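To start, the structure itself, in structure tokens.
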Amino acid sequence: MPGIFVTGTHSNVGKTSFITALVASLREKGIDAVPYKPVQCGATEAGTSPDADRYREVYEPELGDVLCTYLFKAKVSPHLAASLEDTLIEPDRILRDFSYLEKMHDLVIVEGSGGIAVPLIDEQYGTPELMNDLGLPGLLITDAGVGTLNQTTITASYARGKNVDLRGIVLNRYPEFPSIGIRHNPEMLERTTGLPVLGKVPETEEPDLSLYRTIYSDFLETLKY
């Protein structure tokens, strides 16, 4: 399997933190995993990609690695951020960078921009089209709290309508002492989306890397690897 595409129900759902911990856990076990952000909106004051900066906490890029293809200043939707800089996002350029990483590493973990319905070029080409062009199975990150049943079910339905190959859900920021509603959410999400809940990631400053390896292993099971 050349890669995984990690998408979310909305912005700030914890995709970058999840990917950083997943990369660290896999590399610790000898799997040459590399993180990749095709499009980043909202550059730092230093002109760097904040998500790629986060990746570098656990991954030192090798010669030729491209951790972020398109970086824009404005923290808005990619199609608008590109337009503000008189730039057109070219899927072929993203595919070339992905192809290089795929050839040089065991596994490429791709992070989408915002939620899955975000347009990259216009209403005809967004995250779903990029996922399909890359030919990658998707992992959906959602929040464990109130509202996740609605957000996650709608997102999964939208992805299905776009022929996106979502394979599982990860509930992020799962509290140490969940309410009865939060405890019930995983079971109901599997029923409303038809997707397995592959993991519940707790709210913590020190991630349990073994949990991320388990999530990855369970993800592979859905692919029959």
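Restricting to the range 48-60, and then to whatever is touching a strand residue (DSSP E or B) at 6+ places or on another chain (Cβ under 8 Å) and free of Cβ contacts under 8 Å to residues at least 60 places away in the same chain, can you tell me which residue is farthest from residue 21 (Cα to Cα)? Reasoning before the result, please.
Of the residues in the range 48-60, the ones touching a strand residue (DSSP E or B) at 6+ places or on another chain (Cβ under 8 Å) are 48-52, 55, 59.
Among the residues that remain, those that are also free of Cβ contacts under 8 Å to residues at least 60 places away in the same chain are: 48-50, 52, 55, 59.
Numbers: 48: 20, 49: 18, 50: 16, 52: 13, 55: 9, 59: 10 Å.
Across the range 48-60, the extreme among qualifying residues is 48.
Every residue in the range 51-100 that is in contact with a Gly (Cβ under 8 Å, 6 or more places away or on another chain) and within 20 Å of residue 32 (Cα to Cα), please.
Hits for the range 51-100 are 98, 100.
Examine the range 167-179 for a residue that is at pLDDT 95 or above, exposed (fewer than 15 other Cβ atoms within 10 Å of the Cβ) and closer than 27 Å to residue 70 by Cα, and state whether such a residue exists.
Within the range 167-179, none of the residues are at pLDDT 95 or above, exposed (fewer than 15 other Cβ atoms within 10 Å of the Cβ) and closer than 27 Å to residue 70 by Cα.
Restricting attention to the range 135-149, does a residue exist that is touching a Leu at 6+ places or on another chain (Cβ under 6 Å), in a strand (DSSP E or B) and open to solvent by 60 Å² or more (accessible area, probe 1.4 Å)?
The answer is no; no qualifying residue exists.
Of the residues 34, 66, which single one is within 22 Å of residue 133 (Cβ to Cβ), in a loop (DSSP other than H, G, I, E, B), within 17 Å of the chain's Cα centre (by Cα) and touching a residue at least 12 places away in the same chain (Cβ under 8 Å)? Explain how you work it out, then say what you get.
Values: 34 fails: in a loop (DSSP other than H, G, I, E, B).
Sole residue among the options that is within 22 Å of residue 133 (Cβ to Cβ), in a loop (DSSP other than H, G, I, E, B), within 17 Å of the chain's Cα centre (by Cα) and touching a residue at least 12 places away in the same chain (Cβ under 8 Å): 66.
Tell me, yes or no, whether the range 87-101 has at least one residue that is open to solvent by 40 Å² or more (accessible area, probe 1.4 Å), farther than 29 Å from residue 59 by Cβ, of a type outside the set (Lys, Arg) and out of contact with any strand residue (DSSP E or B) (no Cβ under 8 Å at 6 or more places or on another chain).
no
Just for the range 14-31: of the residues that are in contact with a helix residue (DSSP H, G or I) (Cβ under 9 Å, 6 or more places away or on another chain) and part of a loop (DSSP other than H, G, I, E, B), which one is farthest from residue 201 (Cα to Cα)?
So in the range 14-31, the residues in contact with a helix residue (DSSP H, G or I) (Cβ under 9 Å, 6 or more places away or on another chain) come out as 15-26, 28-29, 31.
After this cut, where a residue has to be part of a loop (DSSP other than H, G, I, E, B) as well, the list is 29, 31.
Working: 29: 20, 31: 21 Å.
The qualifying residue farthest from residue 201 (Cα to Cα) is 31.
Among 182, 215, 154, which is the only one that is outside any loop (DSSP other than H, G, I, E, B) and open to solvent by 60 Å² or more (accessible area, probe 1.4 Å)? Working first, answer last.
Numbers: 182 fails: open to solvent by 60 Å² or more (accessible area, probe 1.4 Å); 215 fails: open to solvent by 60 Å² or more (accessible area, probe 1.4 Å).
None of the other options fit; the residue is 154.
The values are calculated or read from the model by the stated rules, or taken from the named source; none is laboratory data. Just so you know, these numbers come straight off a predicted model, no measurement behind them. Cβ coordinates were reconstructed from backbone atoms using ideal geometry, including for glycine residues, and neighbour counts include every protein chain displayed. Surface accessibility is based on the protein's heavy atoms, side chains included, excluding ligands, DNA and RNA. Shrake-Rupley method; radii C 1.70, N 1.55, O 1.52, S 1.80 Å.
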